[in-house]
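The values are calculated or read from the model by the stated rules, or taken from the named source; none is laboratory data. Not measured: the values here are computed from a predicted model. Neighbour counts are summed over all protein chains in view; Cβ atoms, including those assigned to glycine, are modelled from backbone coordinates with ideal geometry.
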Amino acid sequence: MSQQHPSLIIRTALKSKLEKLNVSFNEEHWVQMENIIIAQPKSVVIKTPLLLLQVFYSILTITTIACIIFCPQTIAPKAKPVKYNGDLLVPSKIKKTNFNKAATNYKAAAIVDSLAVNSPIKPE
Amino acid sequence: MTNEDLIQGCIKQEHEAQKELYKLFYTELMGFCMRMSCDYDEAVSLFQDGFIRIYKDIRTEKINTSLAKWTKLKMVNNTVELLRKNIQQHVISSTGRGTEQSNTELSDFTFVEQLSEEQLLKALQKLPVMYRILVNLTYIDTLPAQEIAKLVDMSEGTLFSNTSKAEFSLKNIIAQYYFKPQNEPTAS
């Protein structure tokens, strides 16, 4: 008769004898468990923060949608038209560019004028 | 009461359903805790703790497998977690026993077949905690190696080497405590 490997014998014995241990129900253990369950707070404690969070997100969503519909200016304000030279309506961007150009021209003119004033050859 | 009724009852935190669930899985899960612990008191504590987790998780998780599988998985996870938390304490208390293993080299281990359930359980409970977890999950509960490695936070290579060390250690304990040259198993 061939001998079985010790490991195999032990593994088989462990599996067959210990997998289903003969343990009978102990009522005392249930009484202990019942006391633990009673002492523990109910699930309301877990649900409340979730509920609050849901309400908060709902309010936030409704407010955002209302803002988009009723006051779009609050979310993305448009560029206001501004008056330039008394009678011309141009957006602020163009106004700024023109003003810079005008300022440059004015400075150039002033330099030319001063050169003309200080020049030994006087204009007739 | 069907399993679905039990689940719904436990979700509503009905005592009847909770007791029914407790009774239904008591034998299997308490047996598992006894194998995983070093004594009866620890087993009861592990079992109660595992059931608290089951009652808690049944309310929040969706059960995709059978109720029996789900409860067993919850108990396994909880027990391994708790034992690993106390591992330092257990290692210190059990290393002494681990080092004084006998060097008995036996070619014939057939006497193990004659050992009683209680004797084998006692031998298993004498193992250091991590070895006990590995022997239980690998040879008795026969969980896949990948799953065990994840549970005990080890690589598969380390798991295999530790499992074989655990088996060697168990062999030594059995030989030391129960082997007699005449092959007469002694009472514990």
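Computed quantities for the displayed model
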read-out	value
Residues of segment B:1-12 classified as out of contact with any Phe, Trp or Tyr (no Cβ under 8 Å at 6 or more places or on another chain) and either surrounded by 12 or more Cβ atoms within 10 Å (Cβ to Cβ) or under 11 Å from residue B:55 (Cβ atoms) (or both), total	8
Subset of segment B:26-56 that is part of a helix (DSSP H, G or I) and charged (D, E, K, R) - its residue that is surrounded by the most Cβ atoms within 10 Å (Cβ to Cβ)	B:35
Qualifying position, being closer than 24 Å to residue B:126 by Cβ and at pLDDT 90 or above, among B:51, B:47	B:47
Where a residue in segment A:5-16 is within 7 Å of chain B (Cβ to nearest Cβ) and its partner, wherever it lies, is of a type in the set (Asp, Glu) and part of a helix (DSSP H, G or I), with Cβ under 9 Å and at least six apart	A:7/B:167; A:9/B:113; A:10/B:167; A:11/B:167; A:13/B:113
Residue, nearest to residue A:17 (Cα to Cα), within segment B:1-52, restricted to residues that are of a type in the set (Asp, Glu) and in contact (Cβ under 8 Å) with a residue 40 or more places away in the chain	B:28
Matching residues in segment B:32-58 - criterion: being among the basic types (Lys, Arg), within 19 Å of residue B:13 (Cα to Cα) and within 11 Å of chain A (Cβ to nearest Cβ)	B:56
Residue list for segment B:116-162, filter: surrounded by fewer than 19 Cβ atoms within 10 Å (Cβ to Cβ) and among the hydroxyl-bearing types (Ser, Thr, Tyr)	B:116, B:142, B:155, B:158, B:161
Test: residue B:23 is facing chain A (nearest Cβ under 10 Å), surrounded by fewer than 14 Cβ atoms within 10 Å (Cβ to Cβ), part of a helix (DSSP H, G or I) and touching a helix residue (DSSP H, G or I) at 6+ places or on another chain (Cβ under 8 Å)	yes
Filter result for residue B:158 (assigned to a helix (DSSP H, G or I), closer than 25 Å to residue B:176 by Cα and more than 8 Å from chain A (Cβ to nearest Cβ))	no
